[in-house]
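A quick write-up on the structure given underneath.
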Amino acid sequence: MYENLKIENMTWQEFEKKKDNVIILPIGATEQHGPHLPLCVDTILAQEFAYRIGEKIDGVVAPALSYGYKSKPLSGGGPLFPGTIDLNGITLQSLVMDIIDEFVCDGFTKILILSAHFENEAFIIEAMDLCSRKYGDKVKILLTNWWDPMSPDIIDKVFDKVPFPGWALEHAAVTETSLMMYFSPKLVKEDKIINTDNVSPATYFRYPIEKDIVPPTGVLASAKSSSAEKGKIIVDNVVPNIVKIVKRAFG
(Lines give C-alpha, C1' and ligand atoms only; values in the text may rest on other atoms or scores of the structure.)
Protein backbone atom coordinates (compact mmCIF):
# COMPACT_ATOMS: atom_id res chain seq x y z
CA MET A 1 0.00 0.00 0.00
CA TYR A 2 1.25 3.47 -0.95
CA GLU A 3 4.21 1.84 -2.68
CA ASN A 4 3.89 4.12 -5.71
CA LEU A 5 4.32 7.20 -3.49
CA LYS A 6 7.67 6.18 -2.00
CA ILE A 7 10.62 7.71 -3.81
CA GLU A 8 12.87 4.87 -2.67
CA ASN A 9 10.79 2.54 -4.83
CA MET A 10 11.19 4.70 -7.96
CA THR A 11 13.81 4.61 -10.66
CA TRP A 12 15.62 7.87 -11.20
CA GLN A 13 13.62 8.43 -14.40
CA GLU A 14 10.33 7.98 -12.53
CA PHE A 15 11.53 10.29 -9.79
CA GLU A 16 12.56 12.97 -12.28
CA LYS A 17 9.06 13.04 -13.76
CA LYS A 18 7.62 13.92 -10.33
CA LYS A 19 9.57 17.15 -9.81
CA ASP A 20 6.51 19.36 -10.38
CA ASN A 21 4.64 17.54 -7.60
CA VAL A 22 4.82 18.17 -3.86
CA ILE A 23 7.57 16.16 -2.16
CA ILE A 24 6.93 15.22 1.46
CA LEU A 25 9.65 14.66 4.05
CA PRO A 26 8.39 12.84 7.18
CA ILE A 27 10.46 13.47 10.30
CA GLY A 28 10.04 11.43 13.46
CA ALA A 29 12.33 10.30 16.26
CA THR A 30 13.65 7.22 18.01
CA GLU A 31 12.36 7.77 21.52
CA GLN A 32 10.92 5.90 24.49
CA HIS A 33 7.12 5.69 24.54
CA GLY A 34 6.51 3.77 27.72
CA PRO A 35 6.13 0.00 28.16
CA HIS A 36 3.28 -0.38 25.66
CA LEU A 37 4.62 1.41 22.55
CA PRO A 38 7.81 0.98 20.48
CA LEU A 39 10.66 3.45 20.03
CA CYS A 40 9.56 4.17 16.46
CA VAL A 41 6.17 5.76 17.26
CA ASP A 42 6.98 9.26 16.00
CA THR A 43 8.49 7.96 12.77
CA ILE A 44 5.55 5.67 12.02
CA LEU A 45 3.07 8.48 12.65
CA ALA A 46 5.01 10.87 10.41
CA GLN A 47 5.20 8.29 7.62
CA GLU A 48 1.59 7.16 7.78
CA PHE A 49 0.20 10.69 7.73
CA ALA A 50 2.59 11.54 4.88
CA TYR A 51 1.39 8.61 2.77
CA ARG A 52 -2.27 9.52 3.19
CA ILE A 53 -1.63 13.17 2.41
CA GLY A 54 0.58 12.26 -0.53
CA GLU A 55 -2.19 10.11 -1.96
CA LYS A 56 -4.66 13.01 -1.79
CA ILE A 57 -2.38 15.60 -3.44
CA ASP A 58 -0.59 13.36 -5.96
CA GLY A 59 2.62 13.90 -4.03
CA VAL A 60 5.69 11.78 -3.44
CA VAL A 61 7.07 10.76 -0.05
CA ALA A 62 10.76 10.68 0.83
CA PRO A 63 12.23 8.18 3.28
CA ALA A 64 11.57 9.37 6.82
CA LEU A 65 14.18 10.79 9.13
CA SER A 66 13.92 8.51 12.14
CA TYR A 67 16.03 10.56 14.56
CA GLY A 68 14.97 13.81 16.17
CA TYR A 69 16.02 16.48 18.64
CA LYS A 70 16.26 15.71 22.36
CA SER A 71 12.91 15.39 24.09
CA LYS A 72 12.39 17.63 27.09
CA PRO A 73 11.79 15.85 30.42
CA LEU A 74 8.07 16.61 30.51
CA SER A 75 7.22 16.16 26.86
CA GLY A 76 8.87 12.79 26.43
CA GLY A 77 11.60 12.30 28.99
CA GLY A 78 13.66 10.53 26.37
CA PRO A 79 17.22 11.15 27.64
CA LEU A 80 16.41 9.30 30.86
CA PHE A 81 15.53 6.05 29.08
CA PRO A 82 17.58 3.51 27.08
CA GLY A 83 16.75 3.36 23.37
CA THR A 84 16.19 7.06 22.85
CA ILE A 85 18.66 8.17 20.16
CA ASP A 86 18.86 11.96 20.08
CA LEU A 87 20.40 14.44 17.68
CA ASN A 88 21.90 17.77 18.64
CA GLY A 89 19.87 20.70 17.34
CA ILE A 90 22.52 21.81 14.85
CA THR A 91 22.75 18.25 13.50
CA LEU A 92 19.02 18.06 12.80
CA GLN A 93 19.07 21.55 11.28
CA SER A 94 22.01 20.69 9.00
CA LEU A 95 20.46 17.37 7.99
CA VAL A 96 17.16 19.02 7.01
CA MET A 97 19.01 21.76 5.10
CA ASP A 98 21.05 19.19 3.18
CA ILE A 99 17.92 17.26 2.21
CA ILE A 100 16.07 20.41 1.12
CA ASP A 101 19.10 21.36 -1.00
CA GLU A 102 19.03 17.95 -2.65
CA PHE A 103 15.31 18.18 -3.39
CA VAL A 104 15.81 21.60 -4.98
CA CYS A 105 18.83 20.35 -6.94
CA ASP A 106 16.57 17.64 -8.39
CA GLY A 107 14.04 20.26 -9.48
CA PHE A 108 11.44 20.19 -6.69
CA THR A 109 10.02 23.57 -5.68
CA LYS A 110 7.16 22.48 -3.37
CA ILE A 111 8.41 20.80 -0.20
CA LEU A 112 6.19 19.68 2.68
CA ILE A 113 7.86 18.66 5.94
CA LEU A 114 5.67 16.59 8.26
CA SER A 115 7.11 16.30 11.77
CA ALA A 116 5.64 14.01 14.43
CA HIS A 117 8.13 14.78 17.21
CA PHE A 118 7.25 17.71 19.48
CA GLU A 119 10.80 19.03 19.94
CA ASN A 120 11.87 19.06 16.28
CA GLU A 121 10.02 22.22 15.31
CA ALA A 122 12.47 25.03 16.12
CA PHE A 123 15.39 23.38 14.34
CA ILE A 124 13.35 22.50 11.25
CA ILE A 125 12.09 26.08 11.06
CA GLU A 126 15.67 27.37 11.28
CA ALA A 127 16.63 25.09 8.38
CA MET A 128 13.61 26.28 6.39
CA ASP A 129 14.46 29.93 7.07
CA LEU A 130 18.07 29.60 5.94
CA CYS A 131 17.09 27.65 2.82
CA SER A 132 14.37 30.17 2.00
CA ARG A 133 16.88 33.01 2.18
CA LYS A 134 18.94 31.12 -0.38
CA TYR A 135 16.16 30.21 -2.82
CA GLY A 136 13.70 33.06 -2.36
CA ASP A 137 10.33 32.82 -4.08
CA LYS A 138 11.46 29.99 -6.35
CA VAL A 139 10.99 27.35 -3.64
CA LYS A 140 8.11 27.01 -1.16
CA ILE A 141 8.69 25.02 2.04
CA LEU A 142 5.87 24.13 4.42
CA LEU A 143 6.06 22.54 7.87
CA THR A 144 3.19 21.00 9.81
CA ASN A 145 2.49 18.24 12.31
CA TRP A 146 -0.57 16.08 12.98
CA TRP A 147 -1.83 17.65 16.20
CA ASP A 148 -2.09 21.39 15.43
CA PRO A 149 -4.36 20.93 12.36
CA MET A 150 -6.80 18.82 14.39
CA SER A 151 -10.27 20.36 14.62
CA PRO A 152 -11.17 21.38 18.22
CA ASP A 153 -14.24 19.14 18.39
CA ILE A 154 -12.08 16.05 17.83
CA ILE A 155 -10.50 16.56 21.26
CA ASP A 156 -13.89 15.99 22.90
CA LYS A 157 -14.49 12.85 20.83
CA VAL A 158 -11.11 11.32 21.63
CA PHE A 159 -10.96 12.35 25.29
CA ASP A 160 -14.39 11.10 26.25
CA LYS A 161 -13.20 9.08 29.27
CA VAL A 162 -10.03 10.81 30.44
CA PRO A 163 -9.29 14.56 30.46
CA PHE A 164 -7.07 16.08 27.76
CA PRO A 165 -3.72 16.76 29.50
CA GLY A 166 -2.31 19.16 26.89
CA TRP A 167 -0.06 18.27 23.97
CA ALA A 168 3.22 18.33 25.92
CA LEU A 169 2.01 15.58 28.27
CA GLU A 170 0.10 13.70 25.57
CA HIS A 171 3.15 11.46 25.09
CA ALA A 172 2.50 7.71 24.76
CA ALA A 173 -1.00 8.57 25.94
CA VAL A 174 -4.42 8.45 24.25
CA THR A 175 -3.71 10.06 20.87
CA GLU A 176 -0.38 8.40 20.10
CA THR A 177 -1.58 5.05 21.38
CA SER A 178 -4.83 5.27 19.39
CA LEU A 179 -2.96 6.25 16.23
CA MET A 180 -0.58 3.31 16.66
CA MET A 181 -3.54 0.97 17.21
CA TYR A 182 -4.92 2.23 13.89
CA PHE A 183 -1.68 2.36 11.89
CA SER A 184 0.31 -0.53 13.32
CA PRO A 185 -1.66 -2.54 15.91
CA LYS A 186 0.86 -5.37 16.07
CA LEU A 187 3.38 -3.00 17.68
CA VAL A 188 1.05 -2.01 20.54
CA LYS A 189 1.31 -4.05 23.74
CA GLU A 190 -2.21 -3.45 25.04
CA ASP A 191 -1.63 -5.54 28.16
CA LYS A 192 1.12 -3.10 29.17
CA ILE A 193 -1.14 -0.03 29.12
CA ILE A 194 -1.34 1.30 32.66
CA ASN A 195 -3.73 3.69 34.33
CA THR A 196 -1.51 6.49 35.60
CA ASP A 197 -1.99 9.94 37.03
CA ASN A 198 -1.00 12.81 34.76
CA VAL A 199 2.37 14.39 35.50
CA SER A 200 2.19 18.03 36.64
CA PRO A 201 3.73 20.33 34.02
CA ALA A 202 6.96 21.91 35.22
CA THR A 203 7.44 25.68 35.16
CA TYR A 204 11.21 25.46 34.77
CA PHE A 205 14.01 23.42 33.16
CA ARG A 206 16.97 22.12 35.16
CA TYR A 207 20.09 20.32 33.93
CA PRO A 208 21.32 17.76 34.82
CA ILE A 209 17.77 16.47 34.47
CA GLU A 210 16.11 15.45 37.74
CA LYS A 211 15.65 11.72 37.37
CA ASP A 212 12.46 11.63 39.43
CA ILE A 213 10.70 14.32 37.38
CA VAL A 214 9.53 11.66 34.90
CA PRO A 215 7.64 8.54 36.05
CA PRO A 216 9.71 5.34 35.83
CA THR A 217 7.39 4.06 33.09
CA GLY A 218 8.09 7.07 30.84
CA VAL A 219 4.34 7.62 30.43
CA LEU A 220 3.28 11.20 31.21
CA ALA A 221 -0.50 10.78 31.00
CA SER A 222 -2.91 7.87 30.94
CA ALA A 223 -3.35 5.91 27.72
CA LYS A 224 -6.49 4.21 29.03
CA SER A 225 -9.48 4.42 26.65
CA SER A 226 -7.19 4.39 23.58
CA SER A 227 -8.58 2.57 20.55
CA ALA A 228 -8.06 2.11 16.82
CA GLU A 229 -11.46 3.75 16.31
CA LYS A 230 -10.19 6.92 17.98
CA GLY A 231 -7.07 6.75 15.82
CA LYS A 232 -9.27 6.66 12.73
CA ILE A 233 -11.27 9.64 13.99
CA ILE A 234 -8.03 11.63 14.25
CA VAL A 235 -6.75 10.55 10.83
CA ASP A 236 -10.06 11.19 9.06
CA ASN A 237 -10.06 14.72 10.43
CA VAL A 238 -6.40 15.69 10.20
CA VAL A 239 -5.58 14.44 6.69
CA PRO A 240 -8.17 16.60 4.86
CA ASN A 241 -7.27 19.56 7.07
CA ILE A 242 -3.60 19.27 6.09
CA VAL A 243 -4.56 18.81 2.44
CA LYS A 244 -6.37 22.17 2.62
CA ILE A 245 -3.28 23.77 4.15
CA VAL A 246 -1.07 22.32 1.40
CA LYS A 247 -3.34 23.46 -1.42
CA ARG A 248 -3.55 26.95 0.06
CA ALA A 249 0.23 27.16 0.54
CA PHE A 250 1.29 25.75 -2.82
CA GLY A 251 -1.63 26.85 -4.96
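The values are calculated or read from the model by the stated rules, or taken from the named source; none is laboratory data. Quick caveat, the model's predicted, so the values are computed rather than measured. Backbone-built Cβ (ideal geometry, glycine too); neighbour counts: all protein chains shown.
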Handout entry: Pairs where the first residue, in the stretch 72-100, is within 21 Å of residue 114 (Cα to Cα) and the second is part of a helix (DSSP H, G or I) and hydroxyl-bearing (Ser, Thr, Tyr), C-beta under 9 Å, 6+ apart
Key = 100/135
Handout entry: Within the stretch 158-193, tally of residues that are loosely packed, with under 13 Cβ neighbours inside 10 Å and over 18 Å from residue 215 (Cβ atoms)
Key = 6
Practice task
Just give me the residues in the stretch 112-148 being in a loop (DSSP other than H, G, I, E, B) and more than 27 Å from residue 70 (Cα to Cα), in sequence order.
Solution key: 139
Problem - Options 160, 191, 153; residue that is under 16 Å from residue 34 (Cβ atoms) and out of contact with any helix residue (DSSP H, G or I) (no Cβ under 8 Å at 6 or more places or on another chain) - result: 191
Problem - Leading residue by the ranking (surrounded by the fewest Cβ atoms within 10 Å (Cβ to Cβ)) among those in the stretch 21-77 that are out of contact with any Leu (no Cβ under 9 Å at 6 or more places or on another chain) and closer than 19 Å to residue 189 by Cβ - result: 35
Practice task
Please indicate, with yes or no, whether at least one residue in the stretch 171-185 is touching a Pro at 6+ places or on another chain (Cβ under 8 Å) and at pLDDT below 90.
Solution key: no
Handout entry: Test set (1) assigned to a loop (DSSP other than H, G, I, E, B); (2) of a type in the set (Lys, Arg); (3) touching a residue at least 12 places away in the same chain (Cβ under 8 Å) - residue 230 fails condition number
Key = (1)
Practice task
Kindly establish whether residue 232 is at pLDDT 95 or above and touching a His at 6+ places or on another chain (Cβ under 7 Å).
Solution key: no
Exercise for the section: Can you confirm whether the stretch 43-54 contains a residue that is polar (S, T, N, Q) and under 21 Å from residue 123 (Cβ atoms)? Expected result: yes
Practice task
Evaluate the stretch 210-224: report whether one residue or more is within 19 Å of residue 47 (Cα to Cα) and either of a type outside the set (Asp, Glu) or surrounded by 15 or more Cβ atoms within 10 Å (Cβ to Cβ) (or both).
Solution key: no
